[in-house]
Amino acid sequence: MKNLNYPASQPAPAARLQRGMVTTFTGVLILLLLTMMMFFAMRVGVFDQRNSSNDMRQKLAFHAAESGIHHAKEFFRANSVIAGSPVENILPNGTDGWLSTAAGAGRWLKCSEAGLNLTTGSGTHPCFGEPVPARRSTLYYYSFGNSMFLPIDTDGVIPGATETVGVQALLCLLNVDFNAVTPVKGCSTNTTDDSVAGFVDGSYYMLTLLARGRGDCVGTDCKSEALVSEQMSNFGAVAGGQAPSVPLTTKSTFPPSGSAEVVPNPNSGGVGVPVSVWMNANTSCANGAVVDPSSGSWATCEMQEWYGEDSLPADYTCNGNCSCTKEEALSYTHAGDNILGIDLVSDPNFPCDLFSFYFGVPKTSYELVKSYAKVLSNCDTLDSNSAGIYWITGAECRINSNTTVGSPYAPVLLISAATLTRLNGGANIYGILYISDAETANAELDVNGNNTVYGQVVVDAKLAKYTGTFQVVYNENTVGRASGGGGLGTLIGGWADFHPSWQ
Amino acid sequence: MNISWPMNIPRTYKRATGGYTLLEVLIGMVIFALGMMALMQLQGNLTKSSADSNARSVAVNIAEETIENARTFAQVTGGVGLNAFNNIVSGSATTSRGGINYTVARVVTNYYYQPPGTVNGSGTFTTTKPGNQVNPDMKMLQLTVSWGSGQTFQVDRTQAANLGSGSIVLTDMISSITSPSGGKVLTNSTAQQLYGPPVDYHPGQNPDIVSIQLGQNRFKESTKPEPKVYNANERVETQFDVVTYSQDNAGATFLRREEFLAVACECTLHVPSGSTQGGLRPTLWNGNSYTEGEFVSKAYGTSNRDNNTNYQSEYCGVCCSDHHDGGTGTKDDANDTPRSKYNPFRASSEYRTSADGATGLIGDHKHYRLGGITLANDGDTYYEACRLVRKDGFFRVAQDLRQEALNSFPASYLDDKSEVGVYSSYVTGAMALFKAAGVNNYEQSPPTFRTPLAMSPEVVFPGSKTSNRTALSVFVAASSPQQLRSRAIYVDYLTDELRTIISCLDGGGSGQTCGVGASNSALEILPFFDVQLTWLGRWNESPINAPVTVSNDAAIATGNTHDRGKARLTSGSGNSDITFKVNRGNLGLTGSDPIDGTYTANTRQYPMYALAVVAAPPPVVTGYNVTGTITSNVASVKASDVVIAASNGAACNRTLTGFECVVPVSGGSPRLTVSNYFKKNTTLVACSTTLATNGVPHTGTTVADNYTRFDLPQTGDVTGRNIYIKSGTSCP
């Protein structure tokens, strides 16, 4: 093995090692190049990651904003009756309308008085959320308790502390002219002249909700932001249908077994043509027509005679003894008397599907209407501060003795689909009482003792039983408010995430 | 074994063929391989991370899709095959995208609105369900989309990588507002057009109710005014309706009903002591409806209604309060001042000025104390008559009635269609001429409403001329009297506003463009009405009581059961001029006593020429005429209800304000008995300073107790033999 040594004439081993380094070096160089390539590839990958995480961050901000919008929608829906009203003490508990000028009550300020350049300016102020500059001066923005943000704690509801959202709102009191081809004439800040707004109490309004969502926040330092707006407007459950302008509509039972007094709509059948009761005389309807009204004990008379006053009381409420005497009655049936006046309309063309006529959707699709309402399983919680649309489902809706439901300026549309709807005496209802057999075919109304409805009663049910005195006093204001308001919906095409001036 | 290189091999060759040792290569390869392995791993990680990033994007998309899908509900409660808000519940689902399986975990939290605990506070949303609330108001949807590791991610067609596990979380809130609610918003603008079921109208029967044809299948008629007397001799109210209706094969339907009420009232005058005291401006017809007048501070009155001594209409409250002029209203129209006055045609001398004293009353029209002569001032009782119209269920004071035409007819007229047609076309024709003649502010020189005989060609009603005396012989017998009838045409003041609409309609405009809805003709919106006054005015005949007498009873309680306008044959034969007389204003409807000095000047009469027996000569009138007035000095006792009866050869007529008698030149001791005056709890007596009382006046507290006989003088034609009612048991 000793001859294994390199010959003496051959180069030294160190030189040979140098030659190996070249190989290694080349390999490393290639590796380096490849590494750099990979590095760049990695950068692309990181970019990809960053892209997707930025996207995710933006999505989080966007969904925070969306959550705020939806939260705000429900907030306004819960307050839809008072949100556009200038009436002080609109609810009997002392709650004021949000346009009220009472101290500490108003929640809307005029954009025109915000000190902004409304036509060409831009910024974070909510008034810039209205895309049409010319319209901004006719709007109000939400401001309450030194904050222009709605008092909804969306951040507290959404888990995760890295997203925040603030929601602001604009109010447009709609200027409505029902006689015009295009009824909506724009916005108005006139809350006193009913010839300008649809109603003095701002029955028609539009809201623009403006949500600013932020994502990936550490404290106030947020890495993403999304601005989303959506428009809403109020409506009545009757929109699309036709509420009859009469105090008592009945598809089944009239006259009552007890005694009833009905105060007609003085202008139902035309100017000065009063109608008290609209009765089903359509024999082609499945359950037949109403019995004839010439029995029982009841009377109808006009408002002046019923109230016994020279003008309508401001709270529409009877002050003392209100009743129809025989001498003053339009129609009067009692004992031997049987006076049937023009105000009783026995209609052979009465709609068999009264629900469809009234609400504009067939009775079989009643869930659509139910969706606009606050659905309750009984009537126990209804009181004078209840306002808006209620749907009662279940076995019984009992209005307990001496209970007032709704109020003159914030009436209810109480749709009772309960099996039994019972007024237990001394009840006052402001608004519309609609008894529906949509959920159970045997639905009935049972009136005990003396009860008064200031507005309208619709018996779209199998049976109505009356004992005691049932008074239905038509009131165009409560009927108008209850049928034309209480609901809040999103405007089709009202969603936007692009705002030219709102930043 | 020599394995060393041969010595003879050239060095250069040796160099060229020297090469790398295996070791060198091995080391190089190892390093390269290690490097490559690291790079390969990095490459793999990059691929995997790109796959993760892709998976995350897909997961976010899935989450957003899930949210969007959850939001597309049409209703809150579920229906068959319908997406519903309540179907948004916790759960999980697996979905596959590009061969990767994702698990979508939904955590749903329900939120319920809690009303604010304080007044004017803000409510909150909590997860606590109120006892009877069925559905939540809002849901929070927390989505976790996750994907497991080890799944093969296909980078492209040839390359694949193994996925690592991962998840994303996205949270959103979902309001329970349904998507169809957007459609409701759009239809809301028509929601206030409530449905008024058509009300059938049953047109009245000729000849009591006469239908005026307005054209375009529209008609207008007035019900028979019925005076309602509250108690014998006390204040009265008279109600009638004017109905506009359309008629088709199915019958008539109401278009409009104007419910009028004329009331006579006793009031107390007040000067306003502040801006909150006053009354309303007149309620005016604007073509569509009556519009309530504005409240202004001005003189006002209060009703003296009292259930013990003064039964008067309950509607006297608004009459006394509002029926005053003066004051300044923000809606007063300087270009149309008459619209703010209760009687646009009232003479300027009938307004209070500074010359009358009582500064607070300046601008008001003059009100008078009982008898219509003495001006009433602050705190005084005065007499008033108003025309009320029902506006939204309550009576409001409209402008005073203004009668423009009066006609009387024999019983046989207006009971067939062609006669009604003649009358109707007279009314509409004269109305059209009247409308054309009026100009703005026409109250200074009001146009004349043409009488039938002034029409061109003239319209001749039976008995309207002496040349066409209506023959009464066929019908008139003591046992079968003939009911004559009288009809008046009233036209309200046409405001500038109304005149604009009328000229718009006359110019060919439609109701829609002229702002009056479905009324397409001026006739339909003109405030005129044709009313039967038979039982409200006074019927007199000349010669008195022969050969014909026309009944003239005092108005009694209800139902027009009192007798007026019934012609009876008494004795003799020949001509009889039957005159119907009535006040042109509100008092014509209430049939009550004068309230001011303009009563007589504002009275209209219509003569009808009758012939009791054809071709016989008129009876020769022999005797003296004795006339006088009958007035009441007692508040709430109405002199117009006082009844007279003649005896012992006298023949008397009750006239609007008194009586007229014919007495024989000599003999018979003619007498006049007055009766039917009454006030609850009050003793009344009839007196005269110019007529001698025959016997003792009968006084008492019931209607039957009260009567007084007077002797009628036989000293020639005399006037001014006035009788008055006073309280007490004797005359001064």
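Rule-based calculations on the coordinates, nothing more; no lab input. Here the structure is a predicted model, which means the values were calculated and not measured. Positions of Cβ are backbone-derived with ideal geometry, glycine not excepted, and every protein chain shown enters the neighbour counts.
Hey, what number do you get for chain A at 222 nm if only DSSP H runs of n ≥ 4 count, each worth -39500 (n - 2.57), divided across all residues, to the nearest 500?
Mean residue ellipticity at 222 nm (helix-derived): -6500 deg cm²/dmol.
How much mean residue ellipticity at 222 nm does chain B get from its helices, if each DSSP H run of length 4 or more adds -39500 (n - 2.57) and you divide by all residues, to the nearest 500 deg cm²/dmol?
-5000 deg cm²/dmol
As an exercise, use a Förster radius of 25 Å and the Cβ-Cβ distance of B:Ser521 and B:Asp415 to find the FRET efficiency, rounded to the nearest 0.05. Kindly include the intermediate steps, with their values, before the conclusion.
Working: r = 28 Å, r/R0 = 1.10.
Result of the calculation: an efficiency of 0.35.
Just to confirm a number: summing +1 for Lys and Arg and -1 for Asp and Glu over residues other than B:Val642 whose beta-carbon lies under 11 angstrom from that of B:Val642, what do you get?
0
May I ask you to list the residues of the range B:32-46 whose amide nitrogen lies under 16 Å from a point 7 Å from Cα along the Cα→beta-carbon direction of A:Thr35?
It comes to B:32-43, nothing else.
Taking 4 °C and 1.567 mPa s as the conditions, I'd like the Stokes-Einstein D for the protein assembly as shown in µm²/s, using the Kirkwood hydrodynamic radius from alpha carbon pairs.
The estimated diffusion coefficient comes to 35 µm²/s.
Using a basic spin-label model with each label point 7 Å from the Cα along Cα→Cβ, how many nm lie between B:Ser727 and A:Lys185?
5.7
Within the range A:83-191, report the chymotrypsin sites (Phe, Trp or Tyr not before Pro) that DSSP leaves as loop and that have at most 13 other Cβ atoms within 10 Å.
Numbers: sites: A:Trp98, A:Trp108, A:Phe128, A:Tyr140, A:Tyr141, A:Tyr142, A:Phe144, A:Phe149, A:Phe178; in loops: A:Trp98, A:Phe149, A:Phe178.
Those that pass, being in a loop and sparsely packed, are A:Phe178.
Under a Cβ-only charge scheme (Lys and Arg +1, Asp and Glu -1), can you give me the dipole magnitude of the protein assembly as shown about the Cα centre, in debye to the nearest 20?
3720
A:Asn442 to A:Asp380: FRET efficiency via 1/(1 + (r/R0)^6), r the Cβ-Cβ distance, R0 22 Å, to the nearest 0.05?
The calculated FRET efficiency here is 0.50.
Longer than 20 Å from Cα to Cα, which of B:Lys224/B:Lys435; A:Lys363/B:Lys129; A:Lys251/B:Lys391; B:Lys331/B:Lys366; A:Lys374/B:Lys129; A:Lys363/A:Lys462 are they? Say none if no pair is. Don't skip to the end; give the middle numbers.
Working: B:Lys224/B:Lys435 26 Å; A:Lys363/B:Lys129 29 Å; A:Lys251/B:Lys391 30 Å; B:Lys331/B:Lys366 23 Å; A:Lys374/B:Lys129 13 Å; A:Lys363/A:Lys462 14 Å.
Distance filter (> 20 Å) returns B:Lys224/B:Lys435; A:Lys363/B:Lys129; A:Lys251/B:Lys391; B:Lys331/B:Lys366.
I need B:Val548, B:Val427 ordered by Cβ neighbour count within 10 Å, fewest first. Working shown, then result.
Values: B:Val548 28, B:Val427 25.
So the ranking, lowest neighbour count to highest, is B:Val427, B:Val548.
Only residues of the range A:130-148 count here: report those whose backbone N is under 16 Å from the spot 7 Å along Cα→Cβ of A:Ser112, or say none.
Output list for this probe position: A:133-141.
Normalised by the empirical 2.2 N^0.38 Å for globular proteins, what value does the Cα Rg of the range A:66-157 take? Walk me through the numbers before you get to the answer.
Details: Rg = 14.3 Å, N = 92, 2.2 N^0.38 = 12.3 Å.
In units of the globular-protein estimate, the range A:66-157 measures up at 1.17.
Please report B:Arg485, A:Arg77 as a ranked list, fewest other C-beta atoms within 10 angstrom at the top and most at the bottom.
B:Arg485, A:Arg77
Count the net charge of all other residues whose Cβ sits under 14 Å from the Cβ of B:Asn217, scoring Lys and Arg as +1 and Asp and Glu as -1.
0
List the lysines whose Cα lies under 16 Å from the Cα of B:Lys679, skipping any in the same chain that are fewer than 8 positions away.
Within reach: B:Lys638, B:Lys726.
Note down, for the range A:108-156, the three equivalent ellipsoid semi-axes (square root of 5 times each alpha carbon gyration tensor eigenvalue), biggest first, whole angstrom.
Square roots of five times the eigenvalues give 22, 12, 9 Å.
Quick one: go through the range B:130-171 and flag any residue whose amide nitrogen is under 14 Å from the point 7 Å out along the Cα-to-Cβ line of B:Val108.
Answer for the range B:130-171: B:135-143.
So, with +1 on the Cβ of K and R and -1 on the Cβ of D and E, and no other charges, what is the size of the charge dipole of the range B:583-732 about its Cα centre, to the nearest 20 debye?
In debye, rounded to 20, the range B:583-732 gives about 220.
Test of the criteria: in the range A:294-357, which chymotrypsin sites (Phe, Trp or Tyr not before Pro) are in a DSSP loop and have at most 14 other Cβ atoms within 10 angstrom of their Cβ?
Here no loop site has a sparse enough neighbourhood.
Counting only other chains, and only Cβ atoms inside 10 Å, what mean value do you get across the residues of A:273-282?
3
If every alpha-carbon in the range A:353-503 counts as one equal scatterer, what log10 I(q)/I(0) does Debye give at q = 0.12, 0.17, 0.20 1/Å?
Taken in order of the listed q values, log10 I(q)/I(0) reads -0.48, -0.89, -1.23.
Please report the net charge: other residues with Cβ closer than 9 Å to the Cβ of A:Leu420, K and R +1, D and E -1.
Taking every Cβ under 9 Å from that of A:Leu420, the sum is -1.
Express the C-alpha Rg of chain B as a ratio against the empirical globular expectation 2.2 N^0.38 Å, rounded to two decimals.
That ratio works out to 1.78.
Counting partner chain Cβ atoms within 10 Å of every residue's Cβ in A:63-70, what's the average?
Mean number of neighbouring Cβ atoms from other chains: 5.
Would you mind computing, in nm to one decimal, how far apart the modelled labels at B:Glu294 and B:Thr466 are, each placed 7 Å from Cα along Cα→Cβ?
It is 5.5 nm.
Calculated FRET efficiency, B:Asp378 and A:Leu340, Cβ-Cβ r, R0 45 Å, to nearest 0.05?
Efficiency computed from Cβ-Cβ geometry: 0.40.
So for B:Lys224, A:Lys110, A:Lys374, fewest C-beta neighbours within 10 Å to most, what's the order? Provide the component values of the computation, followed by the final result.
Values: B:Lys224 17, A:Lys110 14, A:Lys374 24.
The fewest-first ordering by Cβ neighbours comes to A:Lys110, B:Lys224, A:Lys374.
Simple spin-label model, 7 Å along Cα-to-Cβ: B:Gln154 to B:Leu34 in nm?
For the pair B:Gln154/B:Leu34, the computed spacing is 3.9 nm.
Report the one residue of B:Thr622, A:Phe498, B:Val665 whose Cα lies farthest in the direction of the positive end of the charge dipole of the protein assembly as shown (charges on C-beta: Lys and Arg +1, Asp and Glu -1; origin at the Cα centre).
Result: A:Phe498.
Name the chymotrypsin sites (Phe, Trp or Tyr not before Pro) in the range A:367-452 that are in a loop by DSSP and that have at most 10 other C-beta atoms within 10 Å, would you?
Here no loop site has a sparse enough neighbourhood.
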